[in-house]
Amino acid sequence: MPVSKLKVCVVGGGNAAHALGALLPFKGFETTMYCPFKDEAERINNGIKEQGSLLAKFASHNDPSGNVQGNPIIVSKDAADVVPDADFIIMPLPSFAYPTILEGLKPHLKEGQILCVTPGQGAFDWFARDILGADLMPKITLMGLMPMPFNCRIEEFGKVVDVQELKKRYRIGVSPIESLPKCLALVEDMFGHAEPAGSGSFLECTLYPINAIIHPARLYTLLKDWKPGDTLPENPLFYEDMTEEAANMMDAVNQELIAIGNGIHAQGVDADIPHIFDFLSIYVYGELQDSTLCTFFRTNDAYKGFKCPLVPLGSGYVPDFQNRYFTEDINLGLCGYKGIADLGGIETPVMDKIIEWAQTFMEKEFVVNGKLTGKDVGITSAPQRFGINSIADLKSLYPQKIAAHRK
């Protein structure tokens, strides 16, 4: 079947779901939306009824640019209305939403469907294996799409979304690996140029350097000296006020992540993990080789206007340790990296320092004496949560025969 004829179901009602709900029908894909949270489906249906379509306003440098209108044929809170007929189910979701969404999808999935999560972090395939089960998993394809296609913000819920950036270059991981050529073609048709993430395994999606490299390192350097009772005089811009110290901390975390990839690869598990500057700055955004990570974040238009996760208190600001930059990028990011490192016997002192600092204020226990053995490992994306307790377990899930798919 030509990819342009696939029936697509968009999951969720957030910023990126709004953009997909406009763009995909505009590009000729028969599109539905599954919006299980609160009253999102009702509000989107009302907005489309009043306006006639979803409207995505793409900044002028994008292709397409200007006003893009699309009309999903069904928007429903009930998975039964939209999931069974879909060929491709795309989920632009935070990692913490995986269990709830997978539970909702499970009764309605059918053989041959592709489940795509973006930005593909947080061990989605392990969650899927646990929730969907051994009978269903061999019948479907999982795909991680990196990065998230859009930088966008809803202007009016159910009606208008502003799209600052539609990325042009992507990397993906899939399971089973035999689905890689088909999934690459699909991404090319929907969004832009696509390549495998390393060998194209889903493990490499989990280990890829995106949000868990950026957010915790930036916040650690901003807040490491903060203590309860302190206030900050202002809430800085997360990216435009990026510091060299924060960029250096990102580099240090990423170097440990690369060491994890190299370490488990040497033990028989395929993992080819890049530096975030090479992947995000150069590959995705076309930054010049002689630039720096700090300069990239300070000057790239796609990152303008985002504040740090601080909340007002009196005349100043204090950290919001319930923000997803903590609850997602520590629990389901750095802790996932750390768990894999422990399987391979790889030391991660910089990651440990950030996790230990954050877990104190989050009132959680992840790392104890340099190992991911705390009482709250069960809310992380670490392999130990899923009964993956050795390199042999990883090798059974990701055999090195996939190396033949390297580009």
| request: Taking the residues in the range 370-379 that are open to solvent by 50 Å² or more (accessible area, probe 1.4 Å) and in a loop (DSSP other than H, G, I, E, B) as candidates, determine which candidate is farthest from V174 (Cα to Cα). | output: K375
| task | Please specify each residue of the range 168-189 satisfying the condition of being outside any strand (DSSP E or B), open to solvent by less than 10 Å² (accessible area, probe 1.4 Å) and either under 22 Å from P274 (Cα atoms) or in contact with a Cys (Cβ under 8 Å, 6 or more places away or on another chain) (or both). | result | L180, C183, V187
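Run down I172, I177 and say which single residue is in contact with a His (Cβ under 8 Å, 6 or more places away or on another chain) and of a type in the set (A, V, I, L, M).
Sole residue among the options that is in contact with a His (Cβ under 8 Å, 6 or more places away or on another chain) and of a type in the set (A, V, I, L, M): I177.
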| task | Please enumerate the residues belonging to the range 294-314 that are more than 23 Å from the chain's Cα centre (by Cα) and assigned to a loop (DSSP other than H, G, I, E, B). | result | G314
| field | Long-range neighbours under 7 Å by Cβ, at least six apart or interchain, first residue more than 27 Å from C335 (Cβ to Cβ) within the range 111-139, second among the small types (G, A, S) | value | Q113/A86
| said: I'm told G200 meets every condition in (1) touching a strand residue (DSSP E or B) at 6+ places or on another chain (Cβ under 9 Å); (2) open to solvent by 40 Å² or more (accessible area, probe 1.4 Å) except one. Can you identify the failing condition by its number? | reply: (2)
| query | Before we move on, is G192 of a type in the set (G, A, S) and without any contact (Cβ under 8 Å) to a residue 24 or more places away in the chain? | reply | no
| field | Residue ranges of strands (runs of 3 or more DSSP E) in the range 1-105 with at least 2 members under 22 Å from the mean Cα position of the chain (by Cα) and either surrounded by 19 or more Cβ atoms within 10 Å (Cβ to Cβ) or among the charged types (D, E, K, R) (or both) | value | 7-11, 30-34, 54-58, 88-92
| remark: Going through the range 130-165 in order, the residues found to be within 16 Å of Y98 (Cβ to Cβ), surrounded by 21 or more Cβ atoms within 10 Å (Cβ to Cβ) and not aliphatic (A, V, I, L, M) are G144
| message | Please determine whether any residue of the range 213-234 is of a type in the set (D, E) and free of Cβ contacts under 8 Å to residues at least 12 places away in the same chain. | response | yes
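Residue-wise test of (1) within 14 Å of the chain's Cα centre (by Cα); (2) assigned to a loop (DSSP other than H, G, I, E, B); (3) under 19 Å from S199 (Cβ atoms).
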site	(1), (2), (3)
G112	no, yes, no
C116	yes, no, yes
G120	yes, yes, yes
D125	yes, no, yes
A128	no, no, no
L132	no, no, no
D135	no, no, no
G144	yes, no, yes
I154	no, no, no
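Out of curiosity, is P209 part of a loop (DSSP other than H, G, I, E, B) and surrounded by 18 or more Cβ atoms within 10 Å (Cβ to Cβ)? Break it down into steps so the answer makes sense when it comes.
Working: part of a loop (DSSP other than H, G, I, E, B): yes; surrounded by 18 or more Cβ atoms within 10 Å (Cβ to Cβ): yes.
In short, yes.
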| field | Residue within the range 223-243 that is of a type in the set (A, V, I, L, M) and in a helix (DSSP H, G or I) present | value | yes
| remark: Of the residues in the range 380-399, those that are in a helix (DSSP H, G or I) and either open to solvent by less than 70 Å² (accessible area, probe 1.4 Å) or over 30 Å from L132 (Cα atoms) (or both) come to P383, Q384, F386, I391, A392, D393, L394, L397
| message | If I ask for residues that are farther than 15 Å from Y220 by Cβ and open to solvent by 30 Å² or more (accessible area, probe 1.4 Å), which ones from the range 344-369 would you list? | response | G345, E347, E363, K364, E365, V368, N369
| request: Return yes when G13 is of a type in the set (G, A, S), closer than 27 Å to G333 by Cβ and touching a Cys at 6+ places or on another chain (Cβ under 9 Å) and no when it is not. | output: yes
| task | Collect the residues in the range 248-272 that are surrounded by 22 or more Cβ atoms within 10 Å (Cβ to Cβ) and either in a loop (DSSP other than H, G, I, E, B) or of a type in the set (A, V, I, L, M) (or both), keeping them in residue-number order. | result | M249, M250, V253, L257, I260, I264, V269, D270, A271
| Within the range 280-299, is even one residue surrounded by 14 or more Cβ atoms within 10 Å (Cβ to Cβ), of a type in the set (D, E) and over 28 Å from I172 (Cβ atoms)? | no
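Being over 18 Å from I354 (Cα atoms) and within 21 Å of the chain's Cα centre (by Cα) is the filter here, so list the residues in the range 235-269 that pass it.
Y239, G261, listed by residue number.
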| field | Options S76, S53, S60; residue that is over 25 Å from L102 (Cβ atoms), at pLDDT 95 or above and not aromatic (F, W, Y) | value | S53
| said: Quick test for you: out of N254, N262, pick the one residue that is free of Cβ contacts under 8 Å to residues at least 60 places away in the same chain and farther than 27 Å from Q164 by Cβ. | reply: N262
| query | Does the range 311-332 hold any residues that are of a type in the set (G, A, S) and either at positive phi or open to solvent by less than 10 Å² (accessible area, probe 1.4 Å) (or both), and which are they? | reply | G314, G316
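The values are calculated or read from the model by the stated rules, or taken from the named source; none is laboratory data. Predicted, not measured: the structure shown is a model, and the values here were computed from it. Every residue, glycine among them, receives a Cβ derived from its backbone with ideal geometry; neighbour counts consider all protein chains shown. Please note that ligands, DNA and RNA were not included when accessible areas were found on the heavy atoms of the full protein model with its side chains. Shrake-Rupley method; radii C 1.70, N 1.55, O 1.52, S 1.80 Å.
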